[in-house]
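The next block holds one structure in the form of structure tokens; read it before the comments.
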Amino acid sequence: MTLSPAPLERLNRARADLRMGLPVVVTDGAAGALVAAAETLGEARLSALRTLGKPVLALTARRAETLKARAYDGDLARVALPPDAGVTWIEALADPADDLTHPMKGPLVTLRDGDATLHRAAIRLVKSAQLLPAAVVVAVGSPLDLAQAHGLSTLSVDDTATPETRLDPVIAARLPMRLAGAGRLHVFRPQDGGTEHYAVEVGRPMRDAPVLARLHSACFTGDVLGSLKCDCGPQLHGALTAMHDAGSGVLLYLNQEGRGIGLANKMRAYSLQDQGFDTVEANHRLGFEDDERDFRLGAELLRRLGFAQVRLLTNNPRKVAMLERGGITVTERVPLKVGLTDENAAYLATKAEKSGHLL
């Protein structure tokens, strides 16, 4: 019988634990560490971690650059926690909300000796849980015994890597739409138990010819609330209208809010934009890269629907490249230039200048 969780199932369980403030155990051979998300760690659990070893705060190099902390490991910095540092001190390093009002965070002591493999895995974990990319890490002996004694989730360093996840169809049903006319909505569920993704099939697109397609990342503020800070809502509506006019098409609605960082972190980025930073600068100050999305999902959805060739509605060359790497032939890039307003003009200029969008 196969009752034990598979690696993907362990990964998703660990994400849920971290979001609740529960530490998890990560192993690398015989070595291991307790990992807790900086954003959700409470004082009681921080005190418990201190009894097991010396806590280290793992930060991405992006966040370390803002804090003027040396990232000796290249892609991350390991900051030693002072003996009297509590969760407020940790949160101040992890969250840039008060950087301008309280710029002095240090002096910070970052580690340069030793292996950073477990710390790197910790950052991957909290990122995949859509938390701030900062984790408290405590190296421990006998990590598996510790996990068993306290009922903690355990996964290996290899388990923390996010592989290409198979998407299984759940249901499809007819859906008449105001902008697109007749169509069907397909719901797909990833095998790791993560967020579902959707495919909107407009009309009856042929499978043996290039289909007009769009990869659209979820944007609650733009798609639902009509935000003027971005062009997402107009792009969604423009794509559906274009598919209706063409007679058919397929729109892939990927639940990768905020370029893959989640709605909460996206709102943190918006708050930083109110302080004068542009979109890319705000993401970097939070510790994220410009774009954390995984467009392999789009290629997987198209394959599951039986499409091999697309005419892609996008201004983002990266989407073209990612689809082609996923085995989908992009016969044409179809521009989608809609939604320019006074409120989002600077945002669109940043997308063109720093993210390579063809506007």
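The values are calculated or read from the model by the stated rules, or taken from the named source; none is laboratory data. All of these numbers come straight from a predicted model, not from anything done at the bench. Reconstructed Cβ throughout: ideal geometry from the backbone, glycine too, with neighbour counts over all protein chains shown. Note: areas computed on protein heavy atoms with side chains; ligands, DNA, RNA excluded. Shrake-Rupley method; radii C 1.70, N 1.55, O 1.52, S 1.80 Å.
Applying 1/(1 + (r/R0)^6) with r as the Cβ-Cβ distance of Glu289 and Arg204 and R0 = 41 angstrom yields a FRET efficiency of 0.55.
For segment 244-288, what is the Kirkwood hydrodynamic radius in Å, using each pair of distinct C-alpha atoms? Mind dumping the intermediate values first?
Numbers: mean 1/r = 0.0827 Å⁻¹.
About 12.1 Å, per the Kirkwood formula over Cα pairs.
Extending 7 Å from the Cα toward the beta-carbon at both Gln191 and Leu146 defines two label points whose distance is 3.2 nm. In the distance distribution for segment 215-275, Cα-Cα pairs more than 15 Å apart total 54 percent. Here, P(r) means the percent of Cα pairs in each 10 Å bin from 0 to the largest distance; for segment 49-146 it is 15, 50, 30, 4, 0.
Ordered from largest to smallest accessible area (heavy atoms of protein chains, 1.4 Å probe), the residues His216, His244 come out as His244, His216. The alpha carbon convex hull volume per residue for segment 1-67 rounds to 143 Å³. In the structure shown, the pairs Lys54/Lys266; Lys68/Lys337; Lys105/Lys266; Lys127/Lys337; Lys105/Lys351; Lys54/Lys127 are assessed against 29 Å; a Cα-Cα span above that value is assigned to Lys54/Lys266; Lys68/Lys337; Lys127/Lys337; Lys105/Lys351.
With R₀ fixed at 41 Å, the C-beta to C-beta distance from Asp168 to Ala44 puts the FRET efficiency at about 0.55. Amide H to amide H distances under 5 Å link Ala38 with Ala134, Ala135, Val136, where only residues 5 or more positions off or on other chains count and H is placed in the peptide plane. The candidates Thr331, Thr221, arranged from most to least accessible area with a 1.4 Å probe in the full protein assembly, appear as Thr331, Thr221. Summarising the strand pairing of the chain, around 70 percent of its internal DSSP beta bridges are antiparallel.
Given the C-alpha centroids of segment 55-85 and segment 174-209, what is the distance between them in whole angstrom? About 43 Å separates the Cα centre of segment 55-85 from the one of segment 174-209.
Can you give the FRET efficiency to the nearest 0.05 for Glu324 and Ala264, using r as the Cβ-Cβ distance and R₀ = 35 Å? Spell out each step's value before the answer.
Working: r = 32 Å, r/R0 = 0.93.
Computed FRET efficiency for Glu324 and Ala264 comes out at 0.60.
Quick check: convex hull over the Cα atoms of segment 278-359, volume per residue in Å³, rounded to an integer?
Considering the Cα atoms of segment 278-359, their hull volume per residue is 100 Å³.
Relative to the current alpha-carbon distance between Thr88 and Asp274, full extension at 0.36 nm per residue lengthens the span by 64.6 nm. So I have (i) 136; (ii) 159; (iii) 149, and one of them is volume of the Cα convex hull per residue in Å³ calculated from this model. Which one is it? It is the value labelled (iii). Extension gain, Ala161 to Leu175, is 1.4 nm, computed as 0.36 nm per intervening residue step minus the present C-alpha separation.
If each DSSP helix of 4+ residues adds -39,500 (n - 2.57) and the sum is divided by the residues in the chain, what number results at 222 nm, nearest 500 deg cm²/dmol? Show your work: numbers first, answer last.
Working: 14 runs with 129 residues, N = 359.
Dividing the helical sum by the residues of the chain leaves -10000 deg cm²/dmol.
Quick one: what do you get for segment 178-250 if you divide its Cα Rg by 2.2 N^0.38 Å?
That works out to 1.19 for segment 178-250.
Accessible surface area normalised per residue over segment 110-239 is 46 Å², counting heavy atoms of protein chains with a 1.4 Å rolling probe.
In whole percent, and with a 1.4 Å probe on the protein chains, what portion of the accessible area of segment 26-174 is carbon and sulfur? Summing carbon and sulfur atoms, their accessible area is 53 percent of the total for segment 26-174.
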